[in-house]
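Below is one structure, written out as structure tokens, with a few remarks after it.
The values are calculated or read from the model by the stated rules, or taken from the named source; none is laboratory data. This structure is a prediction, so every number in the text was calculated from the model and none was measured. Note that we place each Cβ from the backbone using ideal geometry, even for glycine, and neighbour counts take in every protein chain shown. Just so you know, the surface numbers come from the protein's heavy atoms only, side chains and all, with ligands and any DNA or RNA stripped out. Shrake-Rupley method; radii C 1.70, N 1.55, O 1.52, S 1.80 Å.
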Amino acid sequence: MAEQLNAANIAYHRDDTPDISDAEYDRLRRRNTALEEAFPNLKRKDSPSEQVGAAVSDGFGKIQHVVRMLSLGNAFNDDDVFDFDARIRKYLSISADSPLAYTAEPKIDGLSLSLRYEQGQLIQAATRGDGTTGENVTANARTIADIPQSIAGAPDVLEVRGEVYMSHADFAALNERQAAAGGKTFANPRNAAAGSLRQLDPNITKERPLKFFAYAWGDLSAPLGETQSKAIERLANFGFSTNDLTQRCDGPDEMIAHYRMIEERRAALEYDIDGVVYKVDDLDLQRRLGFRSTTPRWAIAHKFPAELAWTQLEAIDIQVGRTGALSPVARLVPVTVGGVVVSNATLHNEDYIAGLGGDGNPIREGRDIRVGDWVQIYRAGDVIPKIKDVDLARRDESAVPYAFPTTCPECGSTAIREEGDAVRRCTGGIICPAQAVEKLKHFVSRGAFDIEGLGAKQVEQFFADEWVKTPADIFTLRARFGSGLQQLKNREGWGEKSANNLFDAIDDKRKIDLHRLIFSLGIRHVGDSSATLLANHYGSWSAFEAAMTRATVGDGAEWDDLVSIDGVGAVMATSLVTTMQQETERAQIDRLVSELEVHDAVAVSTESPVSGKIVVFTGTLERMTRAEAKSRAESLGAKVSGSVSSKTDILVAGPGAGSKAKKAADLGVETMDEDSWLALIGDA
Ligand code: IVH
């Protein structure tokens, strides 16, 4: 499924030709997310839920971004904007009555582009790609009139980032020309812009009326200014188009007022926008706030409300995910919402269908959803369509409340709801073919074992043939089917060479990094980044495995140590401990590990002087908050612990440090003040 989603992502983001409806996409995506939640160990490294876009296509050269191209978190209402401001103030320890400025500007619905200038000359243009690696579209970018070929007075190295887009008028004219010439027409200006920029022949791009707004930067040899506003002003002075609806605001009230103003003018703008982006204005504060895994803490996109449409609910299907979650999916009479045909929508869980929210309070004023009902569909920030409301006036008299299955539609096992869990789950565990196969798919996915030639399709085939039932079976394939190579090569799609290649590719992955192994296990709530945190914390499989085996949920040294990891909460910890102690599951894991050579974790950033070091912060920190100190240290590869032990490498002690400082002194642990720490990590 992740594979189907990735294919859809590629069709949409990379090839600019969506090949499935958004509804289908959302269905897949929702199911994928449900599965990932249920079986985090099966989550793929290339999981669509973690992706910023799609990997680059083969036609262009690849460019590694020096500074990653990220996406933005979303705000959907005014409260989210106030929360954003409050989060930032808390992180930076800025009181509610102190000033804190932001910029507010339209979120352009195009595609992002990074332009690299060296000594004032444009030398490279790259698309976002997956955020880390983009496509080299330099020749094409040179054809865009808004993009200067050379600039004066700029830093030696300057990467300008912004959005390539097409105006409504140009889009309409292009489609007319395309239709007249019998060529491909585009669904919307965004697709037209993307398709035009990604032409292998720059002469075609040249004929396409692309425009560019600069709104950010990447690699820089010298700062552009002290604030976002000043930096953008500088870009404008270099000759870039910047958006004239950009405004500096003194807090959420002004930001929201500016949002409303832009919203009112939206229809009259000559280009598509889908929200307003807020950014902390002070660049030093931006630097302190830093990034989460795929989004900056200092910016957010306030999205415009989703479009709505009414249609009829034809059926409710139940899909079973990797963790056994039964996910209801609405099959709809296809309807166009926001320019896309929608035929599926998520129904979340049985409470949602019955008219109950996650907090137990009524949603839709308690109206339930029944097969045959007229339902209102919306597409919110992400692409997955949802049901907003149901029209009781149009309900057929014969409609009956939906009876959510209490047995798994895939294996017939009882499906139960645990207390506090809105999701009903199949209890079949490994006997449930749906769970087993989804687990295997996760196992071979890109972030996990990523075995070349063994994708979702092949795993399904092997599972159906009963060749592979659990991950360990993959590694015994050659031994069991050495002669069975004969069998494999006689299968459709397999020849002797591909069969041999597969066995070799499997052997290649016997050596595996600890974080990949932990992620590949598909333990509920343990995603890619959590797996890395765990790997960095425990260092080796034996240490991880021993701690999980000895731990008791909710108490004891191993438990305390586990939940002390920044990013590991009680829910994930419980899931880890119970899974690792569940007999059948554990037997499978041990069998798998016996086939492997697990590489110990190496610290994240090997260049930093604190990489791999165990650091404890104590006392009052004066130049940063505790949260900030912790995430900064971790981003440099340090492990932050809550207590001093003989393993502690550095104690950073602020004023008022008490017993921890004494203990550190007793143990001979290096102790330094906040300033020395900042000097050590180069932040002084
Ligand atoms: S700032 C670190 N500003 O939205 C974040 N992005 O959802 C840098 N976008 O990838 C992005 N208009 O392609 C920023 N005024 C704007 C934008 C904008 C459109 C796009 C951009 C980004 C995506 C994130």
Practice problem: Tell me the chymotrypsin sites (Phe, Trp or Tyr not before Pro) within the stretch 366-442 that lie in a loop according to DSSP and have at most 11 other beta-carbon atoms within 10 Å. | Solution: none
Exercise. Express the Stokes-Einstein translational diffusion coefficient of the stretch 439-532 in µm² s⁻¹, to the nearest whole number, given a Kirkwood radius over alpha-carbon pairs, 4 °C and a viscosity of 1.567 mPa s.
Key: 95
Self-check item: Cysteines, the chain, no other Cys beta-carbon under 4.7 Å
Solution: 249
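Quote the Stokes-Einstein diffusion coefficient, in whole µm² s⁻¹, for the stretch 246-323, based on the Kirkwood radius over alpha carbon pairs, a temperature of 37 °C and a viscosity of 0.692 mPa s.
On the way: Rh = 16.1 Å.
In µm²/s, the coefficient rounds to 204.
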Quiz item: Taking a probe of 1.4 angstrom, what is the accessible area of residue 314 in Å², to the nearest 10?
Solution: 110
Quiz item: What net charge is computed for the residues neighbouring residue 552, neighbours being all others with C-beta under 11 Å from the C-beta of residue 552, Lys and Arg scored +1, Asp and Glu -1?
Solution: -2
Quiz item: Can you list the lysines whose alpha carbon is less than 16 Å from that of residue 439, not counting same-chain residues fewer than 8 positions off?
Solution: 43, 45, 457, 469
Quiz prompt | the chain, relative contact order [Cα under 8 Å, separation at least 6], % | solution = 14
Quiz item: How about the stretch 496-596: which trypsin sites (Lys or Arg not before Pro) there are in a DSSP loop, with at most 16 other Cβ atoms within 10 Å of their Cβ?
Solution: 510
Exercise. Please report, in whole Å, how far the alpha carbons of the chain spread along each principal axis, starting with the longest.
Key: 75, 66, 59
Quiz item: All other residues with a Cβ under 13 Å from the Cβ of residue 634 taken together, and with Lys, Arg as +1 and Asp, Glu as -1, what is their net charge?
Solution: +4
Exercise. Can you tell me the equivalent ellipsoid semi-axes for the stretch 167-316? Use √(5λ) from the Cα gyration tensor, largest first, whole Å.
Key: 32, 24, 16
Self-check item: Heavy-atom accessible area order for 66, 160, largest first, 1.4 Å probe
Solution: 66, 160
Quiz item: Which translational diffusion coefficient, to the nearest whole µm²/s, is obtained for the stretch 135-250 from the Stokes-Einstein equation, given a Kirkwood hydrodynamic radius over C-alpha pairs, 4 °C and 1.567 mPa s?
Solution: 83
Quiz item: Taking a quarter of the surface of the Cα convex hull of the stretch 317-410, what do you get in nm²?
Solution: 7.1
Self-check item: Three-way shape call for the stretch 354-506 based on the alpha-carbon gyration tensor, with the a/c threshold at 1.5
Solution: prolate
Quiz item: Taking only C-alpha pairs under 8 Å that are 6+ residues apart, what is the relative contact order of the stretch 612-653 in percent?
Solution: 66
Exercise. Please calculate the 1.4 Å probe accessible area of residue 602, with all protein chains present, and give it to the nearest 10 Å².
Key: 110
Quiz item: Relative contact order for the stretch 459-563 using alpha-carbon pairs under 8 Å, separation at least 6, rounded to a whole percent?
Solution: 12
Quiz prompt | Normalised alpha carbon radius of gyration of the stretch 308-348 [divisor 2.2 N^0.38 Å] | solution = 1.30
Exercise. Along each of the three principal axes of the Cα atoms of the stretch 608-684, give the extent in whole Å, ordering the values from largest to smallest.
Key: 28, 25, 18
Quiz prompt | Net charge over other residues, Cβ less than 15 angstrom from the Cβ of residue 510 (K, R count +1; D, E count -1) | solution = -4
Quiz item: How do 558, 583 rank by accessible surface area computed with a 1.4 Å probe, from largest to smallest?
Solution: 583, 558
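In nm², what is the average projected area of the convex hull enclosing the Cα atoms of the stretch 372-443?
So the Cα hull casts an average projection of 7.6 nm².
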Self-check item: Cα-Cα over 18 Å, subset of 279/630; 62/509; 62/211; 90/279
Solution: 279/630; 62/509; 62/211
Quiz item: For the chain, what is the mean residue ellipticity at 222 nm derived from helices alone (per DSSP H run of n ≥ 4: -39500 (n - 2.57); sum divided by total residues; nearest 500 deg cm²/dmol)?
Solution: -10000 deg cm²/dmol
